[in-house]
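Where a number appears in this text, it was derived from the coordinates with a stated rule and is not lab data. Worth saying up front: this structure is predicted, and the values here are computed from it rather than measured. Cβ placement follows ideal geometry from the backbone for every residue including glycine, while neighbour counts extend to all protein chains displayed.
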Amino acid sequence: MRRSRRWRRSTWGSLLLAAGLVVLALLVQRLVPPLTGEVRVADGDSLEIDGTRVRIEGIDAPELHQSCGEAGARWPCGLRARAALEAVIGEALAQQGGAVTCRPVDEDRYGRSVAVCEAGERDIGAVLVGQGWAVATGLSYAGEERAARAARAGIWAGPFEMPADWRGRHPRPPN
C-alpha cells in the first residue's frame, strides 16, 4: 500500500514538474524577443541581423573556404552553401511582407546567438538541409537530410568532408 502511494506521489510530482517546465519555456519564448531587421549572410549557416551574429540551430554547412569533391574535380561547396542561404533569404524578402525572424535558443562559444530562423513562413534550417547545403546536427532535420542524401542534392552529390571535421583540420586563429 505504501509503495503504491509513493509511486502516485512521485508520478504526480513528475507531471507537475514537467508542466511547470513547459510553462516556463513558453514564458521565456515570449520574454526573449525574436531577432528581426536587416540581414547579412556570413556563410552557409550564419548570418547577422541588425548587428547580432546568429548561427542557425540544428544545422552545419560547409565552411566558406571549404571545397568538396575529389582531386581534379573540386568545387567551392562553402561558397555555394552561402549562396543557397542568400537565395532562401532573398526569396522571403522579395515576397510582400516577407521577413527573416530568428528565435534565440542558446549562445555558442563564439558569442553568436544560436537560433531557429524562418524566412517568410519557411524554416531556414529545414530548407538548407533539404536542399543538401547543410547537414543536420540533431534529430530536427533528419528527414530532410535523408531525402537530400537519396536525391544526391548539394554536397551529397559526391564526396565531401563533414564541416566539423574540416574545421578541426583548419582551426580559426585566436582573436
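Modelled label positions at Glu70 and Glu86, each set 7 Å beyond Cα in the direction of Cβ, lie 3.1 nm from each other. For the range 39-169, the average shadow cast by the Cα convex hull is 8.0 nm², which is a quarter of the hull's surface. Between His170 and Val114, the simple spin-label model (points 7 angstrom out along Cα→Cβ) gives 2.3 nm. Extending 7 Å from Cα along the Cβ direction at Glu38 and again at Ala153 yields two label points whose distance is 3.2 nm. Remark: Trp133, Trp166 ranked as Trp166, Trp133, counting other beta-carbon atoms within 10 Å and listing the fewest first. Counting beta carbons within 10 Å around each of Val135, Val114 and listing the fewest first gives the order Val114, Val135.
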